[in-house]
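Have a look at the structure below before the remarks.
The values are calculated or read from the model by the stated rules, or taken from the named source; none is laboratory data. What you are looking at is a predicted structure, and each value in this text was computed from that prediction instead of being measured. Glycine gets a Cβ as well: all are built from the backbone with ideal geometry, and neighbour counts include every protein chain shown. Note: accessible area is taken over every heavy atom of the protein model, side chains too, but ligands, DNA and RNA are not part of it. Shrake-Rupley method; radii C 1.70, N 1.55, O 1.52, S 1.80 Å.
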Amino acid sequence: MTMKKFLALLLAAMMLLSFTACGGDKTPPADDGGDDVQIDAQDIVEQALEDAEEFESFSVEAVEHFLKAYGISLDTLEPDWDWVLANDYCAYADEPGSGYGHAVIQFQAAEGELTDEQINDFYAKVFAATAAISDDGHNIIGYEFVGEGEDALAEVTLEEALDSWMPGWGFRTGGTLMAVYVSSDYDNDKESELDRLFYYNAVEFDIGVGLQKSFDDTWAEMESYFEENEDEIQQALEDYLG
């Protein structure tokens, strides 16, 4: 599969998620007769592909651009220690107008190994920054991280958010539910001098539009939408790919 075909199929899938998961103006309105208005899938797919091709996704500027659209300043999330980007692909963001995208960046220590305190301080900084700009004034569990018997919209502490095999949390801004993933990275070629198994020298956050309802509900709506519009979506992709 060519990269262009992969991109097209990926965007089509994300487009479905944006219709079914994000709600708001992404949900097809009803006409006066009560029937669903038919969406021109070809226009939507082509616009998404044009945006993806024109937007310089792999850059710190792209990350800043995406976060700014959701009321977040990148400098409030940067580590307090000297950092570098290990390569050109350590900063990435979608076009904010996509409605389903995310921004991710990895900060690598300019030199040396990161201590547990430095890593945890970074997590705390991101946690505080998202809480500060949230509609609720605090972070929430989020549908991506909710456990059995928990309320996805309930307030969450940093300790609770990190106590998982996939550390992260949610927050709401402008009525949209966002998801935050945080992680640390290590250098396989170096041995830790801090009595740890790995030589941790980088941290990362991934902030993006999250699930707006439970995964089961989101998946059911996505399947329903695809079934109803499958022919139109397939034709739009075929027309674009030739």
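Has segment 65-80 got at least one residue that is among the β-branched types (Val, Ile, Thr), surrounded by 15 or more Cβ atoms within 10 Å (Cβ to Cβ) and touching a Ser or Thr at 6+ places or on another chain (Cβ under 8 Å)?
yes
Any idea which of 125, 190 is in contact (Cβ under 8 Å) with a residue 40 or more places away in the chain, of a type in the set (Lys, Arg) and in contact with a Pro (Cβ under 8 Å, 6 or more places away or on another chain)?
Step by step, each of 125, 190 is checked, and only 125 is in contact (Cβ under 8 Å) with a residue 40 or more places away in the chain, of a type in the set (Lys, Arg) and in contact with a Pro (Cβ under 8 Å, 6 or more places away or on another chain).
Testing residue 81 on (1) of a type in the set (Phe, Trp, Tyr); (2) in contact (Cβ under 8 Å) with a residue 40 or more places away in the chain; (3) touching a helix residue (DSSP H, G or I) at 6+ places or on another chain (Cβ under 7 Å), one condition comes back false. Which one is that?
(2)
In this structure, is residue 103 closer than 18 Å to residue 179 by Cα, small (Gly, Ala, Ser), modelled with pLDDT of 95 or more and within 16 Å of the chain's Cα centre (by Cα)?
Considered against the rule, which asks whether it is closer than 18 Å to residue 179 by Cα, small (Gly, Ala, Ser), modelled with pLDDT of 95 or more and within 16 Å of the chain's Cα centre (by Cα), residue 103 comes out as yes.
Evaluate the following for residue 88: is it modelled with pLDDT under 95, out of contact with any Asp or Glu (no Cβ under 8 Å at 6 or more places or on another chain), buried (at least 18 other Cβ atoms within 10 Å of the Cβ) and of a type in the set (D, E, K, R)? Before you say what the answer is, go through the steps one by one.
Details: modelled with pLDDT under 95: yes; out of contact with any Asp or Glu (no Cβ under 8 Å at 6 or more places or on another chain): yes; buried (at least 18 other Cβ atoms within 10 Å of the Cβ): no; of a type in the set (D, E, K, R): yes.
Taking the combined requirement at face value, the residue does not satisfy it.
If residue 105 passes every condition in (1) open to solvent by less than 60 Å² (accessible area, probe 1.4 Å); (2) part of a loop (DSSP other than H, G, I, E, B) but one, which one does it miss?
If we test residue 105 against (1) open to solvent by less than 60 Å² (accessible area, probe 1.4 Å); (2) part of a loop (DSSP other than H, G, I, E, B), just (2) comes out false.
What are the residues in segment 55-99 that are part of a helix (DSSP H, G or I) and hydroxyl-bearing (Ser, Thr, Tyr), if any?
76, 89, 98
Could you check how many residues of segment 163-172 are at pLDDT 95 or above and open to solvent by 20 Å² or more (accessible area, probe 1.4 Å)?
Total satisfying the criteria: 3.
For segment 208-242, give me each residue that is modelled with pLDDT of 70 or more, polar (S, T, N, Q), crowded, with 17+ Cβ neighbours inside 10 Å and closer than 27 Å to residue 70 by Cα.
212
Can you name the residue in segment 174-207 that is exposed (fewer than 13 other Cβ atoms within 10 Å of the Cβ) and of a type in the set (A, V, I, L, M, F, W, C) and is also farthest from residue 120 (Cα to Cα) among such residues?
197
Matching residues to (1) crowded, with 17+ Cβ neighbours inside 10 Å; (2) at pLDDT 95 or above; (3) not β-branched (Val, Ile, Thr):
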{"residue": "120", "(1), (2), (3)": "no, yes, yes"}
{"residue": "123", "(1), (2), (3)": "yes, yes, yes"}
{"residue": "126", "(1), (2), (3)": "yes, yes, no"}
{"residue": "131", "(1), (2), (3)": "yes, yes, yes"}
{"residue": "139", "(1), (2), (3)": "yes, yes, yes"}
{"residue": "145", "(1), (2), (3)": "yes, yes, yes"}
{"residue": "151", "(1), (2), (3)": "no, yes, yes"}
{"residue": "158", "(1), (2), (3)": "yes, yes, yes"}
{"residue": "161", "(1), (2), (3)": "yes, yes, yes"}
